[in-house]
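Chemist: One structure, pasted below without further comment.
Read-outs: derived from the displayed coordinates by stated rules, not from any lab. This one's a predicted model, so the numbers in the text were calculated from it and none came from an experiment. Because the Cβ atoms are built from the backbone with ideal geometry, glycine has one as well, and the counts that use them run over all protein chains shown.
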Amino acid sequence: MTTLLILIGAFAAVSALVAFNVWIGGWSPSRIESIEDAGETLRQDLLIFEPGEKGVLASDGLAALVESRDGKFVGYLSARGDTLVSRLIEPGSVARANVRDGGVIMLHFKDFTFPTTRITLGDDDAAREWAERLSAE
Amino acid sequence: MDIELIEPIYIAIPFFVAFIIAEMVYARTTGKARFEPRDSAASLAMGLGNTVAGVVFAGITGTWLTFIEQFALFDFGYVWWAWIAAFVLDDFTYYWSHRWAHTVRWFWADHVVHHSSQHYNLTTALRQPWFTVFTFKFMWLGSWLVLLGFPPVIIAFVGSLNLIYQFWIHTEAITRMPRWFEAVMNTPSHHRVHHATNPIYLDRNYAGVFIIWDKMFGTFQPELDEERCRYGIVKNLGTWNPLRISLHEWWGIARDVAGSKSPKDALGYIFAPPGWSPDGSRMTSKRIKEMWEAERGSASADAGAETPRRVPAE
């Protein structure tokens, strides 16, 4: 019984702490400022990635796609909360890439830790071109 | 003589909550620490789940330690020095257990959970795994101390004290402690290095309470003012889902083993260092450090200056 009460108390404490964190604020959602910044971050994060010339920044600044210099890979940078998360997209990394109206790519990775993400390019043609490139086996 | 002690972590929980609130206020008012609600929620949910798992699996650990107690070489009982000796020896055991948790993928699959946040605050201390029982740590972690002659109750108690000590070192709010303290004890500065993914910091500072173990066994790295810590893992998570956080490396092992071409490869995927692969196409911490050293060397030769590029790793 004591253990149960402790666990209930712990659950209440966790909920209260998260609510307090939301209420007190103090963080800023991350944004990607430019393709150059995205390329540099990808270069740092992915180690074997050298950014090339070709790339696209999402219109909301929440994602960027940068092709590697040798054209073999695409580096994907995504804003998550107040941090950025990188992925190296190789042939076979993507389960499917669907294009929606408004130039939106819904990208489904074969990645347990990063299943689905949304890239808003705002340009249907560009979205289709990148979706085709990303889902290439 | 048999004694019963209350689980010290239960007593510590209200203090954990109070300190987390204080650090959130400090972060908000000074900007010198970082919190993000979804990250905090994930970390705290992991902590809660770990506590539940602890309750569920405590019986297994207790039964095991009580079983092996009959084979103990000595019976130290509950004399005062036994508590102190057990605390120090348990911390020594923690050092090696922690070191293997970073160098053997089977153990890393469990421990990676704790390193999976890109933040470093007091909630990160509570981001703990749910499925530690899969590692069978309970069978060997405290066993040698019980076999030596320490009562299981003492081992469980000092183990909890060790974990409680490690709570407060998960913060960016404290820059440095007094020099004498930094020399002997694990501190926020030393442990920031441990959580950092900068190549120079990789696989360093495994200590729990006493940093002396790292100094003795060659794994100590002081925090450098010119090299700001970047927290997380090689492949940072794109999810705040606690179940995915808990299982992702176990899932990775299962997938790799299922796709392995030989039993040797399968064993490598399970027991080799994280990042190992038969063809060397992935990167272990050792390889990342080698690449960084090579790059630093060539950069120095080219420019006569050292500006190491930071790369993340596990």
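Chemist: Taking every pair of distinct Cα atoms and averaging 1/r, then inverting, what Kirkwood hydrodynamic radius in Å comes out for the protein assembly as shown?
Modeler: Details: mean 1/r = 0.0423 Å⁻¹.
It works out to 23.7 Å.
Chemist: Roughly what % of Cα-Cα distances in the stretch B:83-224 sit above 22 Å, to the whole percent? Write out the running numbers ahead of the final one.
Modeler: Working: 3679 of 10011 pairs.
Looking at the stretch B:83-224, the distances longer than 22 Å represent 37 percent of pairs.
Chemist: Moving on to the next point. Let me spell out the model: positive unit charges on the Cβ of Lys and Arg, negative unit charges on the Cβ of Asp and Glu, origin at the Cα centre of the protein assembly as shown. What dipole size does that give, in debye rounded to 20? It would help to have the intermediate numbers written out before the result.
Modeler: Values: 40 positive and 49 negative charges, 63 e Å.
Dipole magnitude for the protein assembly as shown comes out near 300 debye.
Chemist: For the stretch B:182-241, which trypsin sites (Lys or Arg not before Pro) are both in a DSSP coil and crowded by at most 11 other Cβ atoms within 10 Å?
Modeler: Working: sites: B:192, B:204, B:215, B:228, B:230, B:235; in loops: B:204, B:228, B:230, B:235.
Here the sparse-neighbourhood loop sites are B:228.
Chemist: To the nearest 20 debye, what charge dipole does the stretch B:187-289 have about its Cα centre, counting +1 at the Cβ of each Lys and Arg and -1 at the Cβ of each Asp and Glu?
Modeler: 260
Chemist: Going by alpha carbons, how many degrees (0 to 90, nearest 10) lie between the helix axis of A:2-24 and the longest principal axis of chain A?
Modeler: Helix A:2-24 sits at roughly 50 degrees to that axis.
Chemist: With chain A treated as a Gaussian network of Cα nodes joined by springs under 10 Å, which of A:99, A:14, A:56 yields the largest mean-square fluctuation?
Modeler: So, out of A:99, A:14, A:56, the one fluctuating most is A:14.
Chemist: Please express the Cα-Cα pair-distance distribution P(r) of the stretch A:5-50 as a list of whole percents, one per 5 Å bin, running from 0 to the bin with the greatest distance.
Modeler: 5, 17, 12, 11, 9, 9, 12, 11, 9, 5, 1
Chemist: Relative to the compact globular guide of 2.2 N^0.38 Å, what is the alpha carbon radius of gyration of the stretch B:136-178, as a ratio?
Modeler: On the way: Rg = 14.6 Å, N = 43, 2.2 N^0.38 = 9.2 Å.
Relative to the rule-of-thumb radius for its length, the stretch B:136-178 sits at 1.59.
Chemist: Let me ask something else about it. Rounding to the nearest 10 and keeping the result within 0 to 90°, find how far the Cα-based axis of helix B:285-303 lies from the longest principal axis of chain B.
Modeler: The answer is roughly 30 degrees.
Chemist: Please rank B:293, A:67, fewest neighbouring Cβ atoms within 10 Å first, as an exposure proxy.
Modeler: On the way: B:293 13, A:67 20.
Starting with the residue having the fewest Cβ neighbours, the order is B:293, A:67.
Chemist: Going down the list A:110/B:235; A:72/A:110; B:32/B:289; B:215/B:289; B:137/B:286, which pairs span over 22 Å between their C-alpha atoms?
Modeler: Distance filter (> 22 Å) returns B:32/B:289; B:137/B:286.
Chemist: How large is the translational diffusion coefficient of the stretch A:35-136 in µm² per second when you combine the Kirkwood radius over alpha carbon pairs with Stokes-Einstein at 37 °C and 0.692 mPa s? Spell out each step's value before the answer.
Modeler: Numbers: Rh = 13.3 Å.
This corresponds to a translational diffusion coefficient of 247 µm²/s.
Chemist: How much length is gained on full extension from residue B:243 to residue B:261, taking 0.36 nm per residue of separation minus their Cα-Cα distance? Write down the numbers at each step before the final one.
Modeler: Values: separation 18, 0.36 × 18 = 6.48 nm, distance 2.91 nm.
Extra length from residue B:243 to residue B:261 when fully extended: 3.6 nm.
Chemist: Given the options B:221, B:166, B:70, state which has the largest fluctuation in a GNM of chain B using a 10 Å cut-off (strictly under) for Cα springs.
Modeler: B:70
Chemist: log10 I(q)/I(0), Debye, Cα-only the stretch A:1-88, no solvent, q = 0.12 Å⁻¹?
Modeler: Debye output, listed in q order: -0.51.
Chemist: How large is ³J(HN,Hα) for each residue in the stretch B:243-255, as worked out from phi by the Karplus curve 6.51 cos²θ - 1.76 cosθ + 1.60 (θ = phi - 60°), to whole Hz, x for Gly and Pro?
Modeler: Per residue, the Karplus-derived 3J(HN,Hα) values read 5, 5, 4, 5, 9, 4, 6, 4, 4, x, 4, 4, 5 Hz.
Chemist: Expressed as a whole number of Å, what is the distance separating the alpha-carbon centroids of the stretch A:1-19 and the stretch B:24-70?
Modeler: Here the answer is 12 Å between Cα centres.
Chemist: Here is a follow-up. So what's the net charge close to residue B:213: Lys and Arg +1, Asp and Glu -1, counting the other residues with Cβ under 11 Å from its Cβ?
Modeler: On the way: positive: B:99, B:215; negative: B:91, B:214.
Its environment carries a net charge of 0.
Chemist: OK, next. Taking only Cα atoms and a 10 Å spring cutoff, compute GNM fluctuations for chain A and point out the largest among A:16, A:79, A:95.
Modeler: Checking each option, the largest mean-square fluctuation is seen for A:16.
Chemist: Stokes-Einstein D for chain B at 25 °C, 0.890 mPa s, Kirkwood Rh over Cα pairs, in µm²/s? Could you put the intermediate results ahead of the total?
Modeler: Working: Rh = 20.8 Å.
My calculation gives 118 µm²/s for D.
Chemist: A further question follows. How far is helix B:105-115 tilted, in degrees, relative to the longest principal axis of the Cα atoms in chain B, given as a value from 0 to 90 rounded to the nearest 10?
Modeler: 80
Chemist: Could you list, bin by bin from short to long, the percent of Cα-Cα pairs of the stretch B:165-247 in 5 Å steps?
Modeler: All Cα pairs, binned at 5 Å, distribute as 3, 15, 24, 23, 18, 9, 6, 3, 0 percent.
Chemist: Shifting gears a bit: Starting from the stretch B:1-100, pick out the GluC sites (Glu not before Pro) whose DSSP state is loop and whose Cβ has at most 15 other Cβ atoms within 10 Å. Don't skip to the end; give the middle numbers.
Modeler: Working: sites: B:4, B:23, B:69; in loops: B:4.
Answer by residue number: B:4.
Chemist: Could you list the GluC sites (Glu not before Pro) in the stretch B:198-264 that lie in coil according to DSSP, counting only those with at most 10 other Cβ atoms within 10 Å of their Cβ?
Modeler: Listed in order of number, the matching sites are B:226.
Chemist: A further question follows. Determine, at each q value in 0.12, 0.15, 0.20 (inverse angstroms), the log₁₀ of I(q)/I(0) that the Debye formula gives when each Cα of the stretch B:6-122 is one equal point scatterer.
Modeler: Cα-only, vacuum Debye calculation for the stretch B:6-122: -0.68, -1.00, -1.38.
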